[in-house]
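Read through the structure below, which is laid out as structure tokens, and then see the notes.
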């Protein structure tokens, strides 16, 4: 009996120590992130930060203004343009259509876009469009390189994927995405529509911490599959749980989504090229493997990272974009590094 009691006592102490250590780590990164988002230099942070672990929110704060002119503060559930984070949704919709046999990832896109006249339409495949190795710069021009030989990021391929989805499913990108968001209970997420954006946070260009509102968004129906989704940090955390827990795709297509097929470099994650797939970055940093997607433009800056080893999601949405490219995603990188340091610390 004494042995059992001793074991139970030891187990309880161990559990308490583990909980205490977790709380201490949480306090450390919370304090660090607080200091990052409130520091005015070298560039001001204006947005919302969410960290969740195992589906539960650990950190959620906003800083700055929804409207600088009227001095309306941002709220943690405000809706932002998520820019290129939108492409990840499009990639999932394409893979779901492939699952259903409505398209093939390795068939030349001429089959799905028959009005194309350039010769590259006979060699470029949906796979090349998904991972930005297509070489297409403009629809009316010859390709810049042989399909599959290089990586060149852009919006055009995902705009084309939106058309392919429409031609193969009979539904618009807005219909397909809307249905997916409803299924995932992403109730505050929708595809941009100029007639339905009353609650949308406006974007601002930032020059030396002077903020000028973007007067007219570049978003429209054509660019929506590349950059046109509006969302909140909470809804994007739901997206991560669905995507990375395999709830959106069959095992076969989940594997395709989660396998790097080319390489790309991004300053937020360092100077080395790392794995890139269907709009997912595969990062190895500080001995840790994790996934990421970034977005920038139209007065917005976005970062979504998922650390599978601890089931941790970090979402950052800002409604400001620095004019000086030296500061593009500057605070996003600093916050990500603070979380990364906490996860990798013993």
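Read-outs throughout are calculated quantities, based only on the coordinates presented, and are distinct from any laboratory measurement. None of the values given here were measured: they were computed from a predicted structure. For neighbour counting, all protein chains shown are included, and Cβ atoms are generated from backbone atoms with ideal geometry for every residue, glycine included.
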### Query
Rg to Rh ratio, segment 187-261, alpha-carbon atoms and Kirkwood radius?
1.09
### Message
Highest mean first, how do 162-168, 89-95, 328-334, 272-278 rank when packing is the count of other Cβ atoms within 10 Å averaged over residues?
### Response
89-95, 328-334, 162-168, 272-278
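Just the ratio, please: alpha-carbon radius of gyration of the chain over 2.2 N^0.38 Å, N its number of residues.
1.06
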### Query
Using the eigenvalues of the Cα gyration tensor, what equivalent ellipsoid semi-axes result for segment 221-273 when each is taken as the square root of five times the eigenvalue, whole Å, largest first?
21, 19, 14
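Please work out the ratio of the alpha-carbon Rg of segment 130-239 to 2.2 N^0.38 Å and round it to two decimals. Show your work: numbers first, answer last.
On the way: Rg = 16.6 Å, N = 110, 2.2 N^0.38 = 13.1 Å.
Scaled against compact globular proteins, the figure is 1.26.
What fraction, in whole percent, of alpha-carbon pairs in segment 171-324 exceed 29 Å separation?
On the way: 2561 of 11781 pairs.
Roughly 22 percent, once rounded to a whole number.
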### Query
To the nearest 10 degrees, how steeply does helix 156-169 sit against the main Cα axis of the chain, on a 0 to 90 scale?
80 degrees
### residue 163-residue 265 pseudo-label distance in nm [points 7 Å out on the Cα-to-Cβ vector]
3.3 nm
### Message
If I fit a long axis through the Cα atoms of helix 173-183 and take the longest principal axis of the Cα atoms of the chain, what angle between them do I get, 0 to 90°, rounded to 10?
### Response
30 degrees
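What is the extension gain from residue 141 to residue 310, computed as 0.36 nm multiplied by their sequence separation minus the C-alpha to C-alpha distance, in nm to one decimal? All intermediate terms of the calculation are to be shown ahead of the outcome.
Values: separation 169, 0.36 × 169 = 60.84 nm, distance 4.62 nm.
Net length gain for the segment: 56.2 nm.
Would you mind ranking 77, 235 by Cβ crowding within 10 Å, fewest neighbours first? Don't jump to the answer; show the numbers that get you there.
Working: 77 14, 235 22.
The most exposed by this proxy come first: 77, 235.
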### Task
Please build a GNM for the chain, connecting alpha carbons under 10 Å apart, and tell me which residue among 118, 96, 265 fluctuates the most.
118
### Query
Once both axes come from the Cα atoms, what is the angle between helix 330-344 and the longest principal axis of the chain, in degrees from 0 to 90, rounded to 10?
50 degrees
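Quick check on packing: order 129-137, 241-249 by the mean number of other C-beta atoms within 10 Å, highest mean leading. Please report the intermediate quantities before stating the final value.
Details: 129-137: 22.8, 241-249: 17.0.
Ranked from most to least packed, the peptides come out as 129-137, 241-249.
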#### Entry: FRET efficiency estimate (nearest 0.05) - Cβ-Cβ, residue 325 to residue 57, R0 25 angstrom
0.20
